[in-house]
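Let me begin by presenting the structure, written as structure tokens, before commenting on it.
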Amino acid sequence: MNPAITPFNSHPMATDSVICTADLEVTYKNNLKALKSTSIDITQGSFVVLLGTSGAGKSTLLRALNGLVQPTAGSVTAAGLGDLADPSTLQRHRRQTGMIFQQHHLIGRLSVLNNVLLGRMGHHSGWRMFCPWTRSEKEQALAVIDRVGLLERALARADQLSGGQQQRVGMARALIQEPRLLLADEPIASLDPNTSLRLLQLLHDICKSDGLTAVISLHQVDFARQFADRIIGLKQGAVVFDGPPQALSERHVKELYQHHTSAEASAASTEQHPAYLQQLSPIEV
Ligand SMILES: Nc1ncnc2c1ncn2[C@@H]1O[C@H](COP(=O)(O)OP(=O)(O)OP(=O)(O)O)[C@@H](O)[C@H]1O
Ligand SMILES: [Mg+2]
């Protein structure tokens, strides 16, 4: 067996782990087993990309890492906190976990600034939630908005921004949480390739400069190869590849996407569009 294709058994949490799953399974109410026994350790500071065809279980795994779906077997453990099955552990874990969604989930009529400030909600409790934002929170929000390159649009309504800009707001809203773990489910799915590249580059740079751990699902193999420290390939709910991008061979890609038509498989390959990858400069989306 290729060493990069690893059969997983339950194992103790690694010392540099941020979150791990042990024999995690998710079966939905319709009896569909979306995730078969999965044991993975996500290590501190790693930029992990989940690959796999539609329905492979990427979103299910990501959602399990934030307690949005419950394990039907096995467990998810956050380092220093414990098993997410415990409600107070889950609450603390969520406070430290930023989530970026494909559809942004912004409130269109609110400004960029106010959307970003909503990311601080998890840090407020009880009556404090009804108080106006503090000056320091507003300054912090402006600082993250600046980081994602949108400072001059801070007071614009979110629904007046392009898709790429809206996703930058989604990133800023996750970053203001000061998370230790960032989860992103197809953050570039609705964006054009150039915008996608810039956004992923920005996300990657921020994660690396802040030592943030990230788990991101993508459909683009070339982007996974470019940015990931580690690629986890899922197929029909099982991990069939786990290793560094250099270990992901064309054979692995074919195996991961073998249900796709040959046109789709080749569109996912790096060789198809290397030109735009080189042309881009890191400018605002
Ligand atoms: N809430 C749900 N109830 C029942 N089945 C579900 C639910 N969510 C997902 N599934 C099923 O579980 C399987 C895995 O879905 P999941 O959304 O995790 O896949 P995915 O890899 O994220 O796919 P995509 O690339 O299309 O987003 C699919 O067969 C899907 O239909
Ligand atoms: Mg999905």
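Values in this text are rule-based calculations from the coordinates and carry no lab data. Computed from a prediction, not measured in an experiment: that's the story for all the values here. Cβ: placed from backbone, ideal geometry, glycine included. Neighbour counts: every protein chain shown.
Placing unit charges on each Cβ (+1 for Lys and Arg, -1 for Asp and Glu) gives segment 6-115 a dipole about its Cα centre, and among 93, 74, 44 the Cα reaching farthest toward its positive end belongs to 93. Relative to its Kirkwood radius, the Cα radius of gyration of segment 23-111 gives an Rg/Rh of 0.99.
Return the aspartates and glutamates within reach of residue 138: Cα separation strictly under 18 angstrom, same-chain partners fewer than 8 residues apart disregarded; answer none if there are no such residues. The reachable aspartates and glutamates, counting only those whose Cα sits under 18 Å from residue 138, are 146, 152, 178. Taking the Cα centre of segment 108-178 as origin and assigning +1 to Lys and Arg Cβ atoms and -1 to Asp and Glu Cβ atoms, the resulting dipole is close to 140 debye. Measuring against 22 Å, Cα to Cα, the residue pairs 36/58; 33/58; 58/254 contain no pair spanning a longer distance. Computed about its Cα centre, the charge dipole of segment 173-242 is approximately 80 debye, with only Lys, Arg, Asp and Glu carrying charge at their Cβ. Count Lys and Arg as plus one, Asp and Glu as minus one, and take only other residues whose Cβ is under 11 Å from that of residue 236; the net charge is then +3.
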